[in-house]
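The values are calculated or read from the model by the stated rules, or taken from the named source; none is laboratory data. Because the structure is predicted, anything quoted here is derived from the model rather than measured. Every residue, glycine among them, receives a Cβ derived from its backbone with ideal geometry; neighbour counts consider all protein chains shown. These accessible areas exclude ligands, DNA and RNA; they are computed on the full protein's heavy atoms, side chains included. Shrake-Rupley method; radii C 1.70, N 1.55, O 1.52, S 1.80 Å.
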Amino acid sequence: MRAMGAFAAILRKDLRLELRSGQSTVALFALSLLILVVLVFTLSPDPANRAEASAGALWVAMVFAGMLGATRALLAENENGCMRALATSPIDPAMLYAAKLAAAFIFMTVAEGAAVILVVLFFNLEFGPELLRLAPPVVLGTLGFSALATLLAAISGRTRAGDLLLPLLAVPMFVPALIAGVKASAAALSGAELSAMTRWLGVLVAFDVLFVTLGGLLFEHVIGED
Amino acid sequence: MAASSSRGSAVNPSGAKKARGVPALAPWLGVATLALMVASLFMVFEYVPTEAEQGIVQRIFYFHVPCAWVAFAAFGLVAISGAFYLWLGDQIWDDLGYASAEIGMVFCTLVLITGSLWAKPIWGAWWTWDSRLTTTFILWLLYGGYLMLRAMADDTPEVARFGAVVGIVAALDVPVIIVSVRLWRTIHPAVLVTRQGGHGLEDPRMVATLLVATVAFTVMFAWLLMLRFAQLRLRTRMKELRRQLALAEASAGDL
């Protein structure tokens, strides 16, 4: 009960900060927009494989915007020694991890909703029910990415390399979810059967379970001090 | 005598006292590596028959596969020693994991290079996104990230714990990578038959050569690991002594 209270308190604080400053969501959205613009110029969308190109663009935007913007709520705690205070407080580190993961997940999901609209506009897709079928892969992928990035940003944020180190660690680890997510999204956009998506969704679920569990178990070792 | 030994243990707390330089076994492992390497080179170039379909280039197989085996074993050792480090907190496990990751990276690079040299004449391309190649390449990137972390965070006191966490997470990620990459390739049209598909090792001499080469590379791995591990142990001990010296100087300054 107290554990849930700590989780709710930390998440509420991060959400309130976000509502007042809008930092993470605006940063995520702005980065997604710029990445999509770059991709439109470099990919020159071809009507034949529009579904695949737009699914790929969406995931590139998600990964690279997320790398810079998703973990702001966590990194903010490094200022003024807040992280040290949280680590020494009687809060279960797994709950702290869950709260930071939830914050990153919420900010990314909001920004991605906007990014999906941009992808539809930029790649000349239709606003239709197939966009709803994009939700399962995108939500599952975002959850996995938030879990991974929250754990690894706690590491990279405490080294002098900082932001540079996070992509070096996170991108190779995210490869399975990236493959599955792009494939499932492309299937969703091209209007393929739902069965074409299920095995990719299975990979995404396995990835999410693995990284949420690992993050919860290992977070205490990452925030503690020697 | 008793007084000096008790003072000695006070100056060398846990972890630091075990560092004793290169073990006596190391030169013998070096000699064994040399002998086994010469033997496997002889077998690869003189003893083993040329594979019928692929011709002479297939002989790279006898170095390629042992390199892959050593790379996978080394990366497994990184994860295991990471888990032991987080469990027991003894620096010895971190030194072992770090040494293993560095050597694993060398052999993983060799796997990619020998594979590429082999692929060009057989498949007509230096690189294809075949599932096995892709998985090995992602593994290489994962442990490249691990080593970048070690290099960039070297002066952070928590670097050992960070390394342990990344090593464990990377190793547990590997099964998911293998599954996803395999699914990814089977959906695409199979441009090339994987090298395991066509031929087994028909000739017993091929099996013998592969076995000797595998033993040679394994002994070489053990030898390199021992040298690097001993060096890291000394580094740990030096850090500890330096820390104690600084403490002693600080307390002397207080007086």
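Of the numbered criteria (1) of a type in the set (D, E); (2) assigned to a helix (DSSP H, G or I); (3) over 23 Å from A:V26 (Cβ atoms), the one A:D163 fails is (3). Across region B:148-164, what is the number of residues that are part of a helix (DSSP H, G or I), more than 8 Å from chain A (Cβ to nearest Cβ) and surrounded by fewer than 18 Cβ atoms within 10 Å (Cβ to Cβ)? Of the residues in region B:148-164, 1 are part of a helix (DSSP H, G or I), more than 8 Å from chain A (Cβ to nearest Cβ) and surrounded by fewer than 18 Cβ atoms within 10 Å (Cβ to Cβ).
Of everything in region B:80-92 that is assigned to a helix (DSSP H, G or I) and free of Cβ contacts under 8 Å to residues at least 40 places away in the same chain, the residue that is nearest to the other protein chains (Cβ to nearest Cβ) is B:W87.
I'm trying to understand the selection: among the residues of region A:184-199, which are polar (S, T, N, Q) and surrounded by fewer than 21 Cβ atoms within 10 Å (Cβ to Cβ)? Listed by number, the residues that qualify are A:S190, A:S195, A:T198.
The residues listed here are A:A51, A:A73, A:A65, A:A3; of these, the one that is in a helix (DSSP H, G or I), within 15 Å of the chain's Cα centre (by Cα) and modelled with pLDDT under 85 is A:A73.
Taking residues in region A:76-89 that are touching a residue at least 60 places away in the same chain (Cβ under 8 Å), and partners anywhere that are among the aromatic types (F, W, Y), not one pair has Cβ atoms closer than 6 Å while being at least 6 places apart or on different chains.
Just one of the numbered conditions (1) under 14 Å from A:P136 (Cβ atoms); (2) facing chain B (nearest Cβ under 7 Å) is not true of A:A186: (2).
Cβ-Cβ contacts under 6 Å between residues 6 or more apart (or on different chains), taken from a first residue in region A:137-163 that is within 8 Å of chain B (Cβ to nearest Cβ) to a second residue that is of a type outside the set (G, A, S) and open to solvent by 10 Å² or more (accessible area, probe 1.4 Å), are listed as A:T159/B:M152; A:T159/B:T156; A:A161/B:M152.
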